[in-house]
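The values are calculated or read from the model by the stated rules, or taken from the named source; none is laboratory data. Just so we're clear, the structure is a prediction, and the values are computed from it rather than from any experiment. Cβ atoms come from the backbone with ideal geometry, glycine included; neighbour counts cover every protein chain shown.
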Amino acid sequence: MTIPVKTDAKSAKPLPKPAKDFQEHLAILEQRGLVARIDRAIDKDAELHPLARWQFQGALPEEQRRAFLFTNVVDGEGRKYDIPVAVGALATTSEMYALGMGVPVSEIGDAWLKAINHPIAPVTVKKAACQEVVIQGDALREPNGGLKLLPVPNSTPGFDAAPYLTATLCVTKDPETGVRNMGTYRGQLKATDRLGVRMASRLGGAGGYAHWLKYQKLKQPMPIAIVIGCAPAIFFTGPQKLGTDMDEMGVAGALLGEAVKTVRCITNDLEVPADSEIVIEGVIDSQLLEPEGPFGESHGHVALEDYNMSMQVTAITMKKKPVFVSIISQVTPSESSVMKVVAYEPLYLAHLRDHLGVKGIKRVVMHEALSNVRPVIFLNFAPGTPKTEIWRGLQGASTLQAQCGKIVIAVGEDVDATNADAVFWSMAYRTNLNEDLHVVPYRAPGHGPKSGPRTSDATLLIDATPKHPMPPFALPAKEFMERAKVIWDELGLPALNPRPPWYGYSLGDWDANWDLWAKRAVEGKWEETGRETFQGRKGGMIPETPVRSVGNNSKSD
Ligand SMILES: Cc1cc2nc3c(=O)[nH]c(=O)nc-3n(C[C@H](O)[C@H](O)[C@H](O)COP(=O)(O)O)c2cc1C
């Protein structure tokens with residue numbers, strides 16, 4: 001019996017097993033030519049993130065995007081760092097995310113569902129690579145010690161108030177139930193031994209915030225461990241929305257295919273993945289908040305200064321030779337939005353198709369560019385889906401999570417909803433806005449800038465599916481576009497990057513007679529058609545009267 005080997009769709013190379021730590025993942029990317037190693041000195045405060053940013057702002061096709069490894073990092077004061085910085089190594093492309101999971105892109109959704117349903121509990125070890133170096137006590141307060149030993153980049157030079165931790169896995173524990181949470185929350189450098197941490201307090205916000213509220217009631221500080229750099233399959237549970245009663249470390253184990261090895265922190269009883277690159281241990285004040293920000297946010301605006309959590313660092317532990325990991329965030333598309341899209345879309349489809357049993361639902365597309373994945377969702381429906389099912393789908397997608405689906409638009413299966421122009425085309429010509437649009441009141445404002453009055457919001461649902469057969473899409477049919485593409489390439493004209501829709505196709509409203517005429521037109525025999533239509537001349541009408549509305553005696557059969 002041959003065991004089928006999982007391959008990566010684009011390269012057709014066998015997929016490696018998911019890496020057990022971050023440096024193994026980096027090696028896998030490097031073997032595949034996906035890492036740009038930058039050995040010249042780069043200023044982490046002014047140059048590093050803007051450089052990695054260009055691959056999104058420069059509109060590179062996904063397959064040309066790279067992870068960056070900066071091996072010669074300096075800061076705004078000219079200080080040199082021993083620790084290299086990796087940016088864009090987790091999810092600059094969906095392929096990279098899939099490599100971290102050890103599954104093809106098409107199986108990412110199933111891998112999540114399986115892991116959520118069959119978690120594997122972690123095992124605790126006594127000795128861990130992430131504790132080869134331990135910095136605590138006075139060493140945390142030395143002028144260039146503590147957090148200043150870490151090459152933390154400035155994400156949005158010109159706007160951010162300080163360098164920020166972005167690729168975090170923040171581990172906290174519910175003081176009542178003991179259930180652990182792992183979330184990706186930003187951390188602002190404040191002092192060699194202090195961080196500002198922002199956990200979303202909105203409805204459906206951060207799991208760590210729910211823990212903090214309980215510590216506040218108990219009048220106790222909240223222990224926290226911030227992991228920087230671990231196996232991607234473990235890290236990806238941070239930005240993923242999982243149930244509050246679910247231990248993300250168990251889900252991470254199931255994604256890895258084996259129990260995650262964890263180690264107890266040095267200064268609190270939280271446990272972290274033993275093979276992490278760097279761990280920052282500490283306590284968060286549960287009574288006093290400290291001003292935090294500004295910071296360039298993924299909703300495309302800079303988050304202004306807010307009171308947020310204040311974390312006292314009690315220890316920094318790391319490997320002897322760690323890599324510092326950062327994420328390209330801020331406005332989308334970005335590494336953080338690629339990460340959300342690949343994880344959220346299959347879960348939304350499974351919710352609509354399998355949990356709600358919505359008929360005809362084919363695909364869920366979450367709009368990425370600028371809008372940041374959550375607010376705008378498109379649903380593709382099969383032709384002939386009953387209107388009632390389309391509306392169940394629209395309502396289901398808008399209510400699954402408080403912060404997702406402010407605008408949900410249903411389109412036909414022929415519309416490639418990753419092309420927003422195609423969605424606008426569909427809305428322009430396939431809706432009767434008197435009946436296909438509804439505004440549903442009472443939505444929480446969600447993730448977004450706070451400027452201006454904004455108490456409650458609403459949901460916009462639009463059915464832009466075709467309600468009846470429609471004329472064909474007006475481009476040459478596929479065979480003619482393909483034939484012309486061969487000629488284009490033979491002529492050595494500039495390389496094309498075809499984007500659907502790039503050929504004409506039928507949408508149901510057509511007549512066999514017109515097929516014959518089109519065939520004749522291709523064969524240069526259009527005069528035969530002209531002779532037939534001459535026979536069909538009629539009076540007593542204004543121009544633009546549809547032939548079908550009066551009957552047609554020009555049929556050729
Ligand atoms: C790069 C990145 C940065 C993020 N920063 C924050 C943040 O600062 N605060 C926050 O509450 N959520 C942030 N998120 C979103 C959360 O990680 C996400 O909502 C996740 O579900 C939180 O996990 P939780 O439900 O266990 O809290 C960020 C996500 C990414 C990918």
Q: Go through segment 304-327 and give me each residue that's assigned to a loop (DSSP other than H, G, I, E, B), closer than 21 Å to Glu292 by Cβ and of a type outside the set (Asp, Glu).
A: Leu304, Ile327
Q. Within segment 496-557, which helices (runs of 4 or more DSSP H) (wholly inside it) include 2 or more residues that are among the acidic types (Asp, Glu), under 30 Å from Glu62 (Cα atoms) and in contact with a Leu (Cβ under 8 Å, 6 or more places away or on another chain)?
A. none
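Report whether or not Glu142 is surrounded by fewer than 18 Cβ atoms within 10 Å (Cβ to Cβ), touching a residue at least 24 places away in the same chain (Cβ under 8 Å) and not basic (Lys, Arg). Before you say what the answer is, go through the steps one by one.
Numbers: surrounded by fewer than 18 Cβ atoms within 10 Å (Cβ to Cβ): yes; touching a residue at least 24 places away in the same chain (Cβ under 8 Å): yes; not basic (Lys, Arg): yes.
It is true that Glu142 is surrounded by fewer than 18 Cβ atoms within 10 Å (Cβ to Cβ), touching a residue at least 24 places away in the same chain (Cβ under 8 Å) and not basic (Lys, Arg).
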Q: Go through (1) within 13 Å of the ligand (Cβ to nearest atom); (2) in a helix (DSSP H, G or I) and name the single condition Gly250 misses.
A: (1)
**Q.** Number of positions in segment 28-74 that are surrounded by 14 or more Cβ atoms within 10 Å (Cβ to Cβ), out of contact with any Leu (no Cβ under 9 Å at 6 or more places or on another chain) and under 30 Å from Ala128 (Cα atoms)
**A.** 3
Q.
Would you confirm whether or not segment 433-447 contains a residue that is part of a loop (DSSP other than H, G, I, E, B), more than 20 Å from Phe381 (Cα to Cα) and among the aliphatic types (A, V, I, L, M)?
A. yes
Q. How about segment 192-211: which of its residues are within 17 Å of Ser310 (Cβ to Cβ) and near the ligand (Cβ under 9 Å from one of its atoms)?
A. Val197, Arg198, Met199, Ala200, Ser201, Ala206, Gly208, Tyr209
Q) Which of the residues belonging to segment 162-177 are more than 14 Å from the ligand (Cβ to nearest atom) and touching a residue at least 40 places away in the same chain (Cβ under 8 Å)? A) Pro163, Pro175, Thr177
Q. Just to be sure, is Lys214 among the basic types (Lys, Arg), in contact with a helix residue (DSSP H, G or I) (Cβ under 9 Å, 6 or more places away or on another chain) and assigned by TED's automatic domain parsing to the domain that holds Pro273?
A. no
Q: Looking only at segment 212-247, count how many residues are under 14 Å from Val272 (Cα atoms) and either within 11 Å of the ligand (Cβ to nearest atom) or in a loop (DSSP other than H, G, I, E, B) (or both).
A: 7
Q) Scanning for something part of a helix (DSSP H, G or I) and among the acidic types (Asp, Glu), does segment 127-137 turn up at least one residue? A) no
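Would you be able to say whether some residue in segment 84-104 is more than 19 Å from Pro232 (Cα to Cα) and among the β-branched types (Val, Ile, Thr)?
Within segment 84-104, not a single residue is more than 19 Å from Pro232 (Cα to Cα) and among the β-branched types (Val, Ile, Thr).
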Q: Would you confirm whether any residue within segment 512-531 is exposed (fewer than 11 other Cβ atoms within 10 Å of the Cβ), without any contact (Cβ under 8 Å) to a residue 40 or more places away in the chain, under 30 Å from Gly384 (Cα atoms) and touching a helix residue (DSSP H, G or I) at 6+ places or on another chain (Cβ under 8 Å)?
A: no
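For segment 120-129, indicate whether the set of residues that are modelled with pLDDT of 95 or more, of a type in the set (D, E, K, R) and within 16 Å of the ligand (Cβ to nearest atom) is non-empty.
No: segment 120-129 contains no residue that is modelled with pLDDT of 95 or more, of a type in the set (D, E, K, R) and within 16 Å of the ligand (Cβ to nearest atom).
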**Q.** Subset of segment 462-492 [exposed (fewer than 10 other Cβ atoms within 10 Å of the Cβ) and aliphatic (A, V, I, L, M)]
**A.** Ala474, Val486, Ile487, Leu491
Q) Any residue in segment 404-414 that is within 26 Å of Ala89 (Cβ to Cβ), outside the structural domain of Leu150 (by TED's automatic domain parsing) and crowded, with 18+ Cβ neighbours inside 10 Å? A) no
(Q) Return the residues of segment 366-405 that are among the charged types (D, E, K, R) and within 17 Å of the chain's Cα centre (by Cα); say none if nothing qualifies. (A) Glu368, Arg374
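Residues checked against (1) part of a loop (DSSP other than H, G, I, E, B); (2) within 25 Å of Gly448 (Cα to Cα):
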residue: Val364; (1), (2): no, yes
residue: Ala369; (1), (2): yes, yes
residue: Pro383; (1), (2): yes, no
residue: Gln395; (1), (2): no, yes
residue: Ala410; (1), (2): no, yes
residue: Ala422; (1), (2): no, no
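Within the group Gly360, Gly384, Gly393, which residue is away from the ligand (no atom under 16 Å from the Cβ), crowded, with 23+ Cβ neighbours inside 10 Å and of a type outside the set (S, T, N, Q)? If you could, list the steps in order and put the result at the bottom.
Numbers: Gly360 fails: crowded, with 23+ Cβ neighbours inside 10 Å; Gly384 fails: crowded, with 23+ Cβ neighbours inside 10 Å.
After applying the criteria, what remains is Gly393.
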Q. What are the pairs, 6+ residues apart or on separate chains, where a residue within segment 396-408 that is over 17 Å from Lys241 (Cα atoms) has its Cβ under 8 Å from a residue that is within 15 Å of the ligand (Cβ to nearest atom) and of a type outside the set (Lys, Arg)?
A. Lys406/Pro375; Lys406/Gly446; Ile407/Pro375
